[in-house]
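Here's the structure, in structure tokens; my notes come after.
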Amino acid sequence: MQRDVHQKNHKDNLLQVSQENITLKARIRSLEESLQFSRGERVALELKLNHLRSNRHEADARVAELTKSCDELEAVIMTAIRLIAVWDREDAVHALQDIVANVIGSEEMALFEMRTESCGFEATAWCGVSEEQCAEAAKGLVGKVGRNGTAVFPRSGDSGITACVPLRMNHHVIGVLAIFSLLPQKMRLEHSDLVVMRFLEHHAGKLLMARLQPGEDRHI
Amino acid sequence: MRKKILLVDDSSTSLMMHSMILNKHTNHDLMTASDGEEAVRKAEEESPDLILMDIVMPKKNGFETCREIRGNKKTAHIPVILVTTRGEEQCVEAGFESGCSDYITKPVNAQELVLLVQSYLEGK
């Protein structure tokens, strides 16, 4: 009798284990399916993430580009505001020195103006350089820039000039701005400096002539 | 919280440039002085939280002005940052000997200036 009971219990247990086995197999199948689905989803998310990362890099590059443009525009606006405030010759020269020192980063500059009688260029104001250096420059690079009307930015050379920019009035070159050495902490000219110099090229000359020699008859 | 910054420079271009940068990137009140004497007077009257000052100026240069600000009980606590074209080592040393808190060279890098100002005024 006891043996029968024992056998019955054993059968029940086997049945229970077998049912549990079936349930577990089904559960494993379901988990495997979920895993497969998750793997697929993970691949899709990784693709999406890569896409977003690439978009972010593009956006970062665009933000950097726009920030640079804004900085350049601000430098030009400051230059324009400073030039508009110019009232007389002394202030005009001071304004140019101020812009070159604080915006571009040089305390060595000279302003050359065209002499109508000789059509040559002569230094009319300078700072941080000697009269001899100016005369030397007038004979060389300054004269060349004055005649060609194209700004020059020598990387090296005997002239000691970093930038030589024609100053125009109504498309005619009436002067030249020469920037000699940059400040020791300024390693090289930046793009924003070139933008400011381009602005000076087209507007400073007009201002100099309009405000500085109102009565003088200059043949251009 | 808005704080007061005194900009001292005899160059109007420089004052304009620094004002433009600080107005764009910070939210502090700016006031200006164009020489050392005016700076000493405004520092005492207005009690700014920070002074940004050039070195080469008429009447009183940046070193003298800094020493005077440090020597006055009312202004001795105000941090002074020298902002100048003079990047030579002896000038930097002279700046710190005169009592400046920091020293940066022109033409200023906008980001560098803003970070420096924030470190003094916003504890960043």
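Quick notes on this structure:
- Qualifying residues in segment A:92-113 (those that are more than 10 Å from chain B (Cβ to nearest Cβ) and among the acidic types (Asp, Glu)) - the one least open to solvent (accessible area, probe 1.4 Å): A:GLU113
- A:ALA85 open to solvent by less than 50 Å² (accessible area, probe 1.4 Å) and within 14 Å of chain B (Cβ to nearest Cβ): no
- Test for B:ILE69: is it crowded, with 20+ Cβ neighbours inside 10 Å and outside any loop (DSSP other than H, G, I, E, B): yes
- Contact annotation: residue pairs with Cβ atoms under 8 Å, 6 or more positions apart or on different chains, pairing a residue in segment A:75-91 that is without any contact (Cβ under 8 Å) to a residue 12 or more places away in the chain with a partner that is in a helix (DSSP H, G or I) and not aliphatic (A, V, I, L, M), are A:ALA85/A:ASP91; A:ALA85/B:SER12.
- The residue that is farthest from B:ALA33 (Cα to Cα), among those in segment B:63-85 that are out of contact with any Lys or Arg (no Cβ under 8 Å at 6 or more places or on another chain) and among the hydroxyl-bearing types (Ser, Thr, Tyr), is B:THR75.
- Flag for B:THR75 being of a type outside the set (A, V, I, L, M, F, W, C), away from chain A (no Cβ under 14 Å) and open to solvent by less than 40 Å² (accessible area, probe 1.4 Å): yes
- Hey, A:LEU182 more than 14 Å from chain B (Cβ to nearest Cβ), closer than 17 Å to A:GLN97 by Cβ and either surrounded by 17 or more Cβ atoms within 10 Å (Cβ to Cβ) or among the small types (Gly, Ala, Ser) (or both) or not: no
- Checking each residue in segment B:78-95 for being part of a helix (DSSP H, G or I) and open to solvent by 60 Å² or more (accessible area, probe 1.4 Å) picks out B:GLU89, B:GLN90, B:GLU93.
- A residue that is free of Cβ contacts under 8 Å to residues at least 24 places away in the same chain, assigned to a strand (DSSP E or B) and open to solvent by less than 40 Å² (accessible area, probe 1.4 Å) occurs somewhere in segment A:116-123.
- Counting the residues of segment B:19-55 that are open to solvent by 10 Å² or more (accessible area, probe 1.4 Å) and outside any loop (DSSP other than H, G, I, E, B) gives 18.
- Qualifying residue in segment A:57-67 (condition: surrounded by 12 or more Cβ atoms within 10 Å (Cβ to Cβ) and within 9 Å of chain B (Cβ to nearest Cβ)): no
The values are calculated or read from the model by the stated rules, or taken from the named source; none is laboratory data. Given the structure is predicted, the values throughout are model-derived calculations rather than measurements. Neighbour counts are summed over all protein chains in view; Cβ atoms, including those assigned to glycine, are modelled from backbone coordinates with ideal geometry. Ligands, DNA and RNA are stripped out before the accessible areas are found, and what is left, the full protein with its side chains, is counted by its heavy atoms. Shrake-Rupley method; radii C 1.70, N 1.55, O 1.52, S 1.80 Å.
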